[in-house]
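Participant: Just dropping this structure here.
The values are calculated or read from the model by the stated rules, or taken from the named source; none is laboratory data. Note that the structure is predicted; figures quoted are calculated from it, not measured. Neighbour counts are summed over all protein chains in view; Cβ atoms, including those assigned to glycine, are modelled from backbone coordinates with ideal geometry.
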Amino acid sequence: MNYFLVKSEPFKYSWDQFNKDGQTFWDGVRNYQARNNLKSMQKGDLVLFYHSNEGKEVVGIAKVVNESYQDPTTDDERWVVVDLAPVETFHHPVTLETIKADEYLQNIALVKQGRLSVMPLKVEEFDRIVALGAAI
């Protein structure tokens, strides 16, 4: 199993809307590195959902329910989407500030490559963020 983090501006597509929809294709990626990360996603992989710009926090866990295919919002064959479904809402969203302050998360792409919209995580990084989201 692989682990990832995806970013969405909540005014464009929020975690609440994602939960209402029950599933979505993750579109609009126009960066080659992020696109390659989408292409490497496999059915069943887990994905952290991060609200960017507003909130700047990880708010929940999703899973990959369909592997990459042509992005239906463009005719350009270079771009792909994956289908994601929500799994769990964090009891306590994990802020970017908390992630940056955590000694175990200093090297994740969210800190090192802040503009990347789809990024892989190591299992330890994923588990650490999930633990922070469950903390009381």
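Participant: Return the residue satisfying two criteria in turn: it lies in the range 1-46 and is among the polar types (S, T, N, Q) and within 21 Å of A109 (Cβ to Cβ), and of such residues it is surrounded by the most Cβ atoms within 10 Å (Cβ to Cβ).
Facilitator: The selected residue is N37.
Participant: Among the numbered criteria (1) at pLDDT 95 or above; (2) under 19 Å from R115 (Cα atoms); (3) not basic (K, R), which one does G55 miss?
Facilitator: With respect to (1) at pLDDT 95 or above; (2) under 19 Å from R115 (Cα atoms); (3) not basic (K, R), G55 is out only on (1).
Participant: Tell me, please, whether a residue that is in contact (Cβ under 8 Å) with a residue 60 or more places away in the chain, in contact with a Phe, Trp or Tyr (Cβ under 9 Å, 6 or more places away or on another chain) and acidic (D, E) can be found in the range 74-88.
Facilitator: For the range 74-88, residues in contact (Cβ under 8 Å) with a residue 60 or more places away in the chain, in contact with a Phe, Trp or Tyr (Cβ under 9 Å, 6 or more places away or on another chain) and acidic (D, E): present.
Participant: Give, as residue ranges, the strands (runs of 3 or more DSSP E) completely inside the range 45-136 that count at least 3 residues that are more than 15 Å from N2 (Cβ to Cβ).
Facilitator: Counting at least 3 such residues, we get 46-51, 57-70, 80-95.
Participant: Here is a check on your reading of the model: is Y32 out of contact with any helix residue (DSSP H, G or I) (no Cβ under 8 Å at 6 or more places or on another chain) and either closer than 28 Å to E77 by Cβ or without any contact (Cβ under 8 Å) to a residue 12 or more places away in the chain (or both)?
Facilitator: Yes.
Participant: Return only the number of the condition from (1) surrounded by 12 or more Cβ atoms within 10 Å (Cβ to Cβ); (2) touching a Lys or Arg at 6+ places or on another chain (Cβ under 9 Å); (3) not polar (S, T, N, Q) that E97 does not satisfy.
Facilitator: Every listed condition holds for E97 apart from (1).
Yes or no, residue by residue, for (1) of a type in the set (D, E); (2) modelled with pLDDT under 95; (3) touching a Phe, Trp or Tyr at 6+ places or on another chain (Cβ under 6 Å); (4) more than 23 Å from N31 (Cβ to Cβ):
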residue: I99; (1), (2), (3), (4): no, no, no, no
residue: Q113; (1), (2), (3), (4): no, yes, no, no
residue: V118; (1), (2), (3), (4): no, no, no, no
residue: L121; (1), (2), (3), (4): no, no, yes, no
residue: I136; (1), (2), (3), (4): no, yes, no, yes
